[in-house]
Structures are given as structure tokens and as C-alpha cells.
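Worksheet for the structure shown next.
The values are calculated or read from the model by the stated rules, or taken from the named source; none is laboratory data. These numbers come from a predicted model, not from an experiment. Neighbour counts are summed over all protein chains in view; Cβ atoms, including those assigned to glycine, are modelled from backbone coordinates with ideal geometry. The protein model used for the area step is the full one, side chains on, heavy atoms only, and it has no ligands, DNA or RNA in it. Shrake-Rupley method; radii C 1.70, N 1.55, O 1.52, S 1.80 Å.
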Amino acid sequence: MVADALIYHPSVSHYLKFVGTTVGRDKLLRTIQYFARFYAWYLLRTNAVQTSIAPWEQLKKQFGLVRKVLRAGKNIEHFKAAAVAADAKTMDPVLRYAAVGRQLGYAGYLSMDLATLLDAIGVRKSKNAKRLQQEAFRFWAIGIMFSIVAQTYTLWRLKQREAKVDKKEGEGVVEGKRIVLERKAAQLQLTSDLCDFTVPSSALGWVNFDDGFVGLAGTLSSLIGVYTQWKKTA
């Protein structure tokens with residue numbers, strides 16, 4: 001009876017739906033990868049022995065490699081999303097151009113990342129792998145910047161909409177609640193984008209963040225991704 005109660009519990013079904021998605025699995029792996037990055041740095045800073053640091057370094061490296069393999073081919077998805085956004089004539093122009101820029105940025109990132117895959121898994125070493133990975137980070141940073149613009153603009157638009165709402169009327173109350181939900185989603189995405197931006201900006205040398213800061217920022221954005229995907233699969 002206890003076993004049946006556990007097996008058929010709604011939370012188990014929800015979990016299976018969550019891990020059944022590529023995004024769900026990736027966000028879980030990413031959370032572990034970036035926490036390992038932070039913790040390896042923490043152990044190094046606290047003068048831990050190398051035998052204690054090595055497992056976390058390997059966890060960071062191997063989970064990063066697994067994720068690299070899993071995202072192979074996703075560049076096509078973003079190229080298509082960019083084309084769809086470009087054709088969305090009814091969309092706000094700022095959001096439309098930001099969406100196109102974001103999707104093209106991510107598509108470029110994933111294309112450059114895919115070009116380094118064989119080198120990363122040791123099948124075929126390439127002298128251009130390091131340069132291509134730097135270009136990948138550059139495209140990723142561009143995509144994130146467009147997303148930051150979109151979320152900032154969205155928050156500004158929501159503020160303008162809220163000023164026009166008459167909360168004394170029934171429709172105004174409903175609109176007010178809708179704005180609250182949309183604002184929460186935009187703020188959450190903006191937080192995630194700002195955290196993610198630490199990764200390519202640090203790798204490109206634009207800022208001087210250490211692995212501890214980048215690891216924590218990456219862990220936070222990954223947890224936001226887990227939360228968002230969990231809600232989607234509810």
C-alpha cells in the first residue's frame with residue numbers, strides 16, 4: 001500500500017514529466033556543473049588537499065561535456081525561432097528585434113559550440129577549437145544582451161500599462177493580476193540573464209570574475225531554469 005501510494009503520487013508523475021524533457025535534464029545537470037565549479041574554487045581557496053578538489057573538478061568537466069553533447073543540433077531550433085520572430089509583424093518592434101537578436105545569438109553560440117564537439121570528446125583534435133569556443137562565448141553574450149534589453153523593455157511597458165489600470169473595476173483587477181504575473185516572469189528571466197552573462201563575459205576577459213562568483217551565478221540561473229521548467233511541466 002505504501003509502495004503504491006509513493007509510485008502513484010502526483011509528485012512522482014510530475015517528476016517523470018520533468019526529467020522526460022531535454023530542458024529539464026539539462027537544467028539539473030547544469031545546476032550540478034556550476035555548483036561543482038563553485039565548490040572546487042571554494043576548496044582551493046580554503047587550502048583543501050588536491051584529492052578533495054579533484055572529484056569536483058571532474059564533476060564540472062564531465063557534466064559540462066555531457067551537456068555539450070546533449071545540445072548538439074539545437075542551433076537549428078534557434079535559427080527557426082529567429083525566422084518566426086522576424087515574421088511576427090504584430091509583435092512590438094522592440095521585442096521583435098530583440099527576439100531575433102537573441103535567437104541568432106544563441107544559434108551562433110550553439111553552431112560554434114558544435115564545431116568544437118569532436119575536439120572536446122577527443123575524437124578529432126583541432127587547432128581552431130580554442131578560437132571557435134571564444135567565438136561561441138561572444139555569440140552567447142550577444143544573445144544574452146538582447147534578452148536583457150527585452151526583459152528591461154518589458155518591465156518598462158508593464159509599468160506603463162499598470163498606470164492606466166483602474167483597479168476599482170472588475171476588468172481592472174484582472175488586468176492588475178495579469179501584470180503582476182508578467183512582471184514576475186520578466187524579473188525572473190532578467191535575473192537569470194544577468195547571472196548567465198557572468199559566464200561568457202568572464203571567459204572573454206571582459207570582467208574579472210573568479211570561478212567562485214561565476215559558479216554561484218551559474219548555479220542560481222540554473223535553479224531558476226529548474227523552477228521555470230518544473231512549472232511548465234506541472
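Here is a list of conditions, (1) in a helix (DSSP H, G or I); (2) free of Cβ contacts under 8 Å to residues at least 40 places away in the same chain; (3) of a type in the set (Val, Ile, Thr); (4) open to solvent by less than 50 Å² (accessible area, probe 1.4 Å), and residue 165 meets all of them except one; can you say which number that is?
Among (1) in a helix (DSSP H, G or I); (2) free of Cβ contacts under 8 Å to residues at least 40 places away in the same chain; (3) of a type in the set (Val, Ile, Thr); (4) open to solvent by less than 50 Å² (accessible area, probe 1.4 Å), residue 165 violates only (1).
Which residues, counting only those in the stretch 197-217, are open to solvent by 10 Å² or more (accessible area, probe 1.4 Å), over 20 Å from residue 57 (Cα atoms) and part of a helix (DSSP H, G or I)?
197, the sole residue that qualifies.
Tally up the residues in the stretch 22-40 that are of a type in the set (Phe, Trp, Tyr) and either open to solvent by 50 Å² or more (accessible area, probe 1.4 Å) or farther than 13 Å from residue 223 by Cβ (or both), please.
Final tally of qualifying residues: 2.
Please identify the pairs in which a residue from the stretch 182-201 that is under 17 Å from residue 161 (Cβ atoms) has its Cβ atom under 6 Å from the Cβ atom of a residue that is open to solvent by 20 Å² or more (accessible area, probe 1.4 Å) and assigned to a helix (DSSP H, G or I), counting only partners at least 6 apart or on another chain.
The qualifying pairs are 186/151; 186/154; 186/155.
In this structure, is residue 58 without any contact (Cβ under 8 Å) to a residue 60 or more places away in the chain and within 23 Å of residue 213 (Cβ to Cβ)?
For residue 58, the condition - without any contact (Cβ under 8 Å) to a residue 60 or more places away in the chain and within 23 Å of residue 213 (Cβ to Cβ) - is met.
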